[in-house]
Amino acid sequence: MANRKKIGLIGAGNIGGELARLCANAELGDVVLFDIPAKENFAKGKALDLEQNGSVLGYDAKITGSGNWADLEGADVLIVTAGIPRKPGQSRDDLVAVNLPIIRDVAQNAKKHCPSAFVIVISNPLDAMVYEYKRVTGCPKGMIVGMAGVLDSARFQLFLAREAGVSIKDVRAMVLGGHGDDMVPVLSMCTINSIPATNFIPVERMNAIIDRTRKGGGEIVNLMGTSAYYAPASSAVAMATAYLHDQKRLLPCAAYLEGEYGYQDLFIGVPAIIGGKGVEKIVELPLTAEEKGMLAKSAKSVQSVVDVCKKS
Ligand SMILES: NC(=O)c1ccc[n+]([C@@H]2O[C@H](COP(=O)([O-])OP(=O)(O)OC[C@H]3O[C@@H](n4cnc5c(N)ncnc54)[C@H](O)[C@@H]3O)[C@@H](O)[C@H]2O)c1
């Protein structure tokens, strides 16, 4: 058992629970489901329920609930969902005041207890929270990413598949930029089994799909009263799997930029290759002038939230 991987899930709420279920079911490793002391018993109960689920489904992963950072010592991967989700009417940026101290607390503890973990941040406002986590921990840029692009692209792909009347399996599309309402669905790269999606979908319908994708998170918040959690968890598990299994997957994620796409010292969504060394490469796409303009607008929004964090 010495070679079993250890996955620390920081936050045992809606996304945390689904992450634990997916990681255990895929036998990615043993899971520690962590939450604040007031929620420690809740985390322990969820962990026990999920371990018992393993005796029905047939997975052997050990799942431990905890409120003690010492239990995360030596984690190979950390997935951070600590924080408050949106309520109807709120933007992701409205969460900055409440989630900034939470991400700082998590980063300080993670720096002490799990300095060599590959870190995937999910907490919102995503791009600013992942920036703050890196600033506090000083971890290498390849060992930290934010999850947003896989989810936003999944939403875009679903709406395209439904509109075109084709299988989701044949749709490839990417959403770049910040995880906000000005995110950038990259139409020039969007295909249905390598045929441009614009061959299948007229421009006015495409515009409606882009608009729905940008507001895709809010649509669910308005329906459920809280954030989505199934697709966000699956998206982060795809990223964790790419790292743990050295898959070299090309996934859109919030990665630290040092000149790529013309941006410095900023996390925003870009295509990145994730393998056993973490973010191994950022891929620069030949964007159209319009897409570059949208990316600039999105980066500016992210920078304004990062600036708020820097002053707080
Ligand atoms: N990046 C994305 O694409 C995306 C998608 C959906 C949701 N989110 C965000 O993910 C976050 C979590 O969402 P959720 O639905 O799981 O929320 P949730 O409220 O169900 O769970 C969050 C958990 O974090 C815990 N927590 C708070 N402070 C903590 C700390 N200091 N240390 C450890 N745990 C702490 C809470 O006790 C709670 O159990 C929210 O900020 C939400 O906006 C991001």
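The values are calculated or read from the model by the stated rules, or taken from the named source; none is laboratory data. It should be emphasised that the depicted structure is a prediction, and the values quoted were computed from it without experimental measurement. Positions of Cβ are generated from backbone atoms using ideal geometry, with glycine treated the same way; all protein chains shown enter the neighbour counts. The accessibility values were calculated without ligands, DNA or RNA, using every heavy atom of the protein model including side chains. Shrake-Rupley method; radii C 1.70, N 1.55, O 1.52, S 1.80 Å.
In table form, for the structure just shown:
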{"item": "For GLY142: the one exception among (1) surrounded by 15 or more Cβ atoms within 10 Å (Cβ to Cβ); (2) in contact with a helix residue (DSSP H, G or I) (Cβ under 7 Å, 6 or more places away or on another chain); (3) not acidic (Asp, Glu)", "result": "(2)"}
{"item": "In segment 91-141, the residues that are in contact with a Lys or Arg (Cβ under 6 Å, 6 or more places away or on another chain) and either farther than 19 Å from TRP69 by Cα or free of Cβ contacts under 8 Å to residues at least 12 places away in the same chain (or both)", "result": "ASN124, PRO125"}
{"item": "Failed criterion for ASP30 (all others in (1) out of contact with any helix residue (DSSP H, G or I) (no Cβ under 9 Å at 6 or more places or on another chain); (2) more than 16 Å from the ligand (Cβ to nearest atom); (3) acidic (Asp, Glu) hold)", "result": "(1)"}
{"item": "Test: residue in segment 184-206 that is closer than 23 Å to TYR131 by Cα, in contact with a helix residue (DSSP H, G or I) (Cβ under 6 Å, 6 or more places away or on another chain), within 16 Å of the ligand (Cβ to nearest atom) and open to solvent by less than 20 Å² (accessible area, probe 1.4 Å)", "result": "yes"}
{"item": "Matching residues in segment 122-167 - criterion: being touching a His at 6+ places or on another chain (Cβ under 9 Å) and of a type outside the set (Gly, Ala, Ser)", "result": "ASN124, PRO125, LEU126, ASP127, MET147, LEU151, ASP152"}
{"item": "Single condition ASP181 does not satisfy, out of (1) open to solvent by less than 30 Å² (accessible area, probe 1.4 Å); (2) touching a helix residue (DSSP H, G or I) at 6+ places or on another chain (Cβ under 6 Å); (3) within 16 Å of the ligand (Cβ to nearest atom)", "result": "(1)"}
{"item": "Subset of segment 85-96 [buried (at least 18 other Cβ atoms within 10 Å of the Cβ) and in a helix (DSSP H, G or I)]", "result": "ARG92, ASP93, LEU95, VAL96"}
{"item": "Every residue from segment 1-41 that is among the small types (Gly, Ala, Ser) and at positive phi", "result": "GLY11, GLY29"}
{"item": "Residue that is nearest to the ligand (Cβ to nearest atom) [pool: residues in segment 97-138 that are open to solvent by 20 Å² or more (accessible area, probe 1.4 Å) and in a loop (DSSP other than H, G, I, E, B)]", "result": "ASN124"}
{"item": "Residue among LYS310, LYS297, LYS292 that is modelled with pLDDT under 95 and either in a loop (DSSP other than H, G, I, E, B) or surrounded by fewer than 17 Cβ atoms within 10 Å (Cβ to Cβ) (or both)", "result": "LYS310"}
{"item": "Selection count where residues are outside any loop (DSSP other than H, G, I, E, B) and either over 21 Å from CYS253 (Cα atoms) or of a type in the set (A, V, I, L, M) (or both), scope segment 171-197", "result": "10"}
{"item": "Residue within segment 3-20 that is within 13 Å of the ligand (Cβ to nearest atom), among the basic types (Lys, Arg) and either open to solvent by less than 20 Å² (accessible area, probe 1.4 Å) or in contact with a helix residue (DSSP H, G or I) (Cβ under 7 Å, 6 or more places away or on another chain) (or both) present", "result": "no"}
{"item": "Single residue of ILE84, ILE79, ILE36, ILE63 found to be within 13 Å of the ligand (Cβ to nearest atom) and under 28 Å from ASP246 (Cβ atoms)", "result": "ILE79"}
{"item": "Long-range neighbours under 6 Å by Cβ, at least six apart or interchain, first residue part of a helix (DSSP H, G or I) within segment 33-50, second within 9 Å of the ligand (Cβ to nearest atom)", "result": "PRO37/GLY67; GLU40/GLY67; ALA43/ALA12; ALA43/ASP35; LYS46/ALA12; LYS46/GLY17"}
{"item": "Test for ILE268: is it in contact with a helix residue (DSSP H, G or I) (Cβ under 6 Å, 6 or more places away or on another chain) and crowded, with 21+ Cβ neighbours inside 10 Å", "result": "yes"}
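This table checks each residue for (1) part of a strand (DSSP E or B); (2) open to solvent by 30 Å² or more (accessible area, probe 1.4 Å); (3) within 16 Å of the ligand (Cβ to nearest atom).
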residue	(1), (2), (3)
VAL221	no, no, yes
ALA231	no, yes, yes
ALA240	no, no, yes
ALA272	yes, no, yes
